[in-house]
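Every read-out reported here was derived from the displayed coordinates using simple, explicitly stated rules and does not represent laboratory data. Being a predicted model, the structure only gives us computed values, none of them experimental. Here Cβ is always computed from backbone atoms with ideal geometry, including for glycine, and neighbour counts include all displayed protein chains.
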Protein chains: 2
Amino acid sequence: MEHIKGYDYGKSGLESSPISMEDLSLLKQTVLWSEEDQANLQKAGEILKDQVNDILDLRYGFVGGHAHLVRYFGKNDNPNMEYLSAVRARFGQWILDICQKPYDQSWLDYQHEIAKRHHKSKKNQTDGVDAVPNIHYRYMVAFIVPITMTIKSFLAKKGNSQEEVENMYNAWFKAVTLTVITWTYPYINEGEF
Amino acid sequence: MEHIKGYDYGKSGLESSPISMEDLSLLKQTVLWSEEDQANLQKAGEILKDQVNDILDLRYGFVGGHAHLVRYFGKNDNPNMEYLSAVRARFGQWILDICQKPYDQSWLDYQHEIAKRHHKSKKNQTDGVDAVPNIHYRYMVAFIVPITMTIKSFLAKKGNSQEEVENMYNAWFKAVTLTVITWTYPYINEGEF
Ligand code: HEM
Ligand code: HEM
């Protein structure tokens, strides 16, 4: 795999996640997670892996088309193109990772790193940019919808049956929701997460 | 409509929502909200209204089957049956409201009231109970998944075409996500919502 700038999955310097494997297990039960979801995500990864660029085009079109979203990629409403493209590469890798990686301690630790990168605790540092300092919490949860809904047509593009597509779609929905929960940790009042 | 204890929608004493109608409009754009979603929710309301009890049975079965969830309805792992049944009546009304009510200032204000009722700022007060003081944030967002996914079979029960069911389902998903965003306001660090 080519080197992706700022992609630090599994690196030793990462802070440990404040979320334990036991917390994660209860969260999985709460989002109705089952063994089949894991298999369905693996299958989704196979289907999505050569469509990553198209998914990114769609996503960047959506963000770019909304001033209240694209502003986080720059300052004074001027998007920073280098920042956008550095994040794009890591986003592409994330699509594979959410499907393929086991949700173990390394996964939790990198989710916590990404959490901090959206939050003011570490936003902008990875790419050394001068941009809006914090992504507002509300849009982190709101993005569950476009990130989930827009994946379905890509899952349906390789001739799988409708039932297979539905199963992959539901697994993706659960995985994205779990992910967003881990990414919102830094925004939550102490002791209330 | 029969009187529901503690159901204060539209009452004059409610605090104004910290979320403005303009904030709501940007959030709607972010969850891909359109005019059709509103119509589809109205239609969903017609389909769900005589199934409310079955939906509540399913939901209470799910919560009751998980110690890490049912604990919020009581103290020291003893669920309080009166509390459970008072909330059940308001939950039934909510299913109708999310489908039928316009998302205006009154809607925002009552969402803020429900937010506080899940959070330690006002949990237990409406029913005057002695129970766990705060629902942990993580489960508020996690519940988007079961509250969304389990509605589909109810939407499909009245002979609508698959496409109609999908459209109602997607509108419900967006509405539940919007709702949860408004309900998590009290948990968020100042200035970061
Ligand atoms: C479901 C919600 C979201 C997903 C799945 C997502 C995905 C990602 C991914 C995979 C990365 C790169 C992580 C890494 O460094 O390895 C990233 C970074 C970033 N995302 Fe998001 N994102 C979400 C919400 C948002 C929202 C709501 C915004 C605001 C428009 C946003 C703006 C950004 C920015 C500015 C960065 C770069 C942060 C930095 O300075 O390192 N993201 N996102
Ligand atoms: C999508 C997320 C959720 C939805 C749609 C939902 C729905 C509702 C509704 C409609 C009410 C009554 C509101 C009113 O007073 O009019 C309520 C209250 C309550 N819910 Fe939730 N809920 C959610 C998350 C949770 C979670 C994660 C728990 C924890 C297991 C929980 C436990 C409770 C409790 C204990 C009350 C009573 C609060 C009080 O003391 O007033 N809810 N919920």
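Looking only at residues of the range B:73-83 that are surrounded by 17 or more Cβ atoms within 10 Å (Cβ to Cβ) and assigned to a helix (DSSP H, G or I), we find that the one that is nearest to ligand 1 (Cβ to nearest atom) is B:Phe73.
Residue-wise test of (1) assigned to a helix (DSSP H, G or I); (2) surrounded by fewer than 21 Cβ atoms within 10 Å (Cβ to Cβ); (3) more than 16 Å from ligand 1 (Cβ to nearest atom).
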residue	(1), (2), (3)
B:Ser106	yes, yes, yes
B:Asp127	no, yes, yes
B:Arg138	yes, no, no
B:Val145	yes, no, no
B:Ser153	yes, yes, yes
B:Glu163	yes, yes, yes
B:Thr182	yes, no, yes
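Here B:Ser17 meets the list (1) within 11 Å of chain A (Cβ to nearest Cβ); (2) within 16 Å of ligand 2 (Cβ to nearest atom); (3) surrounded by 16 or more Cβ atoms within 10 Å (Cβ to Cβ) almost entirely, failing just condition (1).
Checked against (1) surrounded by fewer than 18 Cβ atoms within 10 Å (Cβ to Cβ); (2) more than 16 Å from A:Leu56 (Cβ to Cβ), A:His112 passes all but a single condition, namely (1). Residue check: A:Gly6 meets all listed conditions (1) more than 18 Å from the chain's Cα centre (by Cα); (2) in a loop (DSSP other than H, G, I, E, B); (3) within 11 Å of ligand 1 (Cβ to nearest atom) but one, namely (1).
Residue pairs whose Cβ atoms lie under 8 Å apart, sitting 6 or more positions apart in sequence or on different chains, and linking a residue in the range A:112-140 that is within 14 Å of another protein chain (Cβ to nearest Cβ) to a partner that is polar (S, T, N, Q) and within 16 Å of ligand 2 (Cβ to nearest atom), are A:Ala115/A:Thr184; A:Tyr137/A:Thr184; A:Tyr137/B:Thr184; A:Met140/A:Thr184.
Conditions (1) within 16 Å of ligand 2 (Cβ to nearest atom); (2) within 15 Å of A:Leu178 (Cβ to Cβ); (3) within 14 Å of chain B (Cβ to nearest Cβ); (4) acidic (Asp, Glu), marked per residue:
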site	(1), (2), (3), (4)
A:Glu2	no, no, no, yes
A:Tyr7	no, no, no, no
A:Lys11	no, no, no, no
A:Glu22	no, yes, yes, yes
A:Ser34	no, yes, yes, no
A:Asp37	no, yes, yes, yes
A:Val70	no, no, yes, no
A:Arg90	no, no, no, no
A:Trp94	no, yes, no, no
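Could you give every pair whose Cβ atoms fall below 6 Å, whose first residue belongs to the range A:93-104 and is more than 15 Å from A:Ser34 (Cα to Cα), and whose second residue is β-branched (Val, Ile, Thr), counting only separations of at least 6 or pairs across chains? Filtered contacts from the range A:93-104: A:Gln93/A:Ile4; A:Ile95/A:Val52.
Scanning the range A:45-72 for residues being within 9 Å of ligand 1 (Cβ to nearest atom) and assigned to a helix (DSSP H, G or I) gives a total of 7. Has the range B:21-42 got at least one residue that is in contact with a Lys or Arg (Cβ under 6 Å, 6 or more places away or on another chain) and more than 15 Å from B:Tyr103 (Cβ to Cβ)? Scanning the range B:21-42 turns up no residue that is in contact with a Lys or Arg (Cβ under 6 Å, 6 or more places away or on another chain) and more than 15 Å from B:Tyr103 (Cβ to Cβ). When the residues of the range B:115-125 are filtered to those that are more than 7 Å from ligand 2 (Cβ to nearest atom) and buried (at least 17 other Cβ atoms within 10 Å of the Cβ), the one that is farthest from B:Tyr7 (Cα to Cα) is B:His119. Looking at B:Gly6, is it touching a residue at least 12 places away in the same chain (Cβ under 8 Å), at positive phi and of a type outside the set (D, E, K, R)? Yes, satisfied. Taken over the range B:161-188, the residue count meeting the criterion of being out of contact with any helix residue (DSSP H, G or I) (no Cβ under 7 Å at 6 or more places or on another chain) and either touching a residue at least 12 places away in the same chain (Cβ under 8 Å) or more than 11 Å from every other protein chain (Cβ to nearest Cβ) (or both) is 3. Of everything listed in (1) at negative phi; (2) more than 16 Å from ligand 2 (Cβ to nearest atom), the single unmet condition for A:Asn76 is (1). The criterion of being part of a helix (DSSP H, G or I) and either within 11 Å of chain A (Cβ to nearest Cβ) or without any contact (Cβ under 8 Å) to a residue 40 or more places away in the chain (or both) does not hold for B:Gln42.
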